[in-house]
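**Student:** Starting off with a structure, shown below.
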Amino acid sequence: MSKLHKQAIAISCVTLIGALGAVSQPASAEETLKFRFVSHNTGVVTIDAADGVDGHSFGAGKFVGIALFDDGRVGSVAYLANFDYTKGSGTFSTFDTIKFDDGSILRFRATGTATLEGAKTNFTEGKLEVVGGEGKYKGASGTGVLTGTRLNSLAEGGDSYFDSTLHLK
């Protein structure tokens with residue numbers, strides 16, 4: 001085999017390896033994450049809206065917990081929430097961070113509606129939007145949905161769970 005043939009084969013192999021590496025990059029992969037996160041508040045502040053509407057209040061709080069993924073992974077969750085409620089029902093928005101054992105981080109925003117039903121609050125119409133990430137989720141974008149329930153009042157800890165689906169790009 002001539003020197004020219006050997007060089008051509010070497011260049012072809014390097015080109016093929018490079019092409020295969022480009023195809024397997026995770027940044028361009030799409031992924032659907034299904035998970036439940038369970039949380040408890042670490043501090044909530046509410047204030048009367050002072051608009052003359054009975055039971056109208058604004059509030060903000062910090063919540064922490066865990067996220068349990070359908071694929072078996074577990075991550076720690078922390079989020080900040082704000083809400084505009086009248087007699088326990090109204091709108092909410094959150095900024096959520098999930099940290100994984102491998103050092104990856106996923107950040108998203110949630111918005112939706114809360115409805116007080118007896119001692120429980122149901123969260124519906126929740127929309128999720130990815131706002132950032134690190135590690136495996138660096139450069140990720142996407143949207144999703146959530147539903148959930150708060151089992152007790154914010155004054156009693158605001159123990160909550162949310163079922164979420166995120167479609168990542």
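**Student:** Starting from the Cα of Ala78, step 7 Å toward the Cβ, then list every residue of the range 118-160 with an amide N under 13 Å from that point.
**Tutor:** Of the residues in the range 118-160, none has backbone N under 13 Å from the label point off Ala78.
**Student:** How much FRET efficiency would the formula 1/(1 + (r/R0)^6) give for Ser141 and Asp48, where r is the Cβ-Cβ distance and R0 is 30 Å, rounded to 0.05?
**Tutor:** Values: r = 38 Å, r/R0 = 1.28.
For R0 = 30 Å, the calculated efficiency reads 0.20.
**Student:** Once the convex hull of the C-alpha atoms of the range 28-168 is built, how many Å³ does it hold per residue, rounded to a whole number? List each step's numbers first, then the result.
**Tutor:** Numbers: hull volume 13.8 nm³, N = 141.
In the range 28-168, the Cα hull volume divided by residue count equals 98 Å³.
**Student:** Taking only C-alpha pairs under 8 Å that are 6+ residues apart, what is the relative contact order of the range 28-168 in percent? Intermediate results must be reported in sequence, preceding the final value.
**Tutor:** Values: 392 pairs, mean separation 31.9, N = 141.
Worked out over the range 28-168, it gives 23 percent.
**Student:** Moving on. What is the magnitude of the charge dipole of the range 28-168 about its Cα centre, with +1 placed on the Cβ of each Lys and Arg, -1 on the Cβ of each Asp and Glu, and no other charges, expressed in debye to the nearest 20? Write out the running numbers ahead of the final one.
**Tutor:** Values: 13 positive and 18 negative charges, 45 e Å.
I would put it at about 220 debye.
**Student:** Another question about this same structure. Calculate the FRET efficiency for Glu31 and Ile66 from the Cβ-Cβ distance with a Förster distance of 22 Å, rounded to the nearest 0.05. List each step's numbers first, then the result.
**Tutor:** Values: r = 20 Å, r/R0 = 0.91.
Here the calculated transfer efficiency is 0.65.
All of the numbers you see were taken from the coordinates with simple rules; none came from a lab. Note that this is a predicted model, so its numbers are computed, not measured. Glycine gets a Cβ as well: all are built from the backbone with ideal geometry, and neighbour counts include every protein chain shown.
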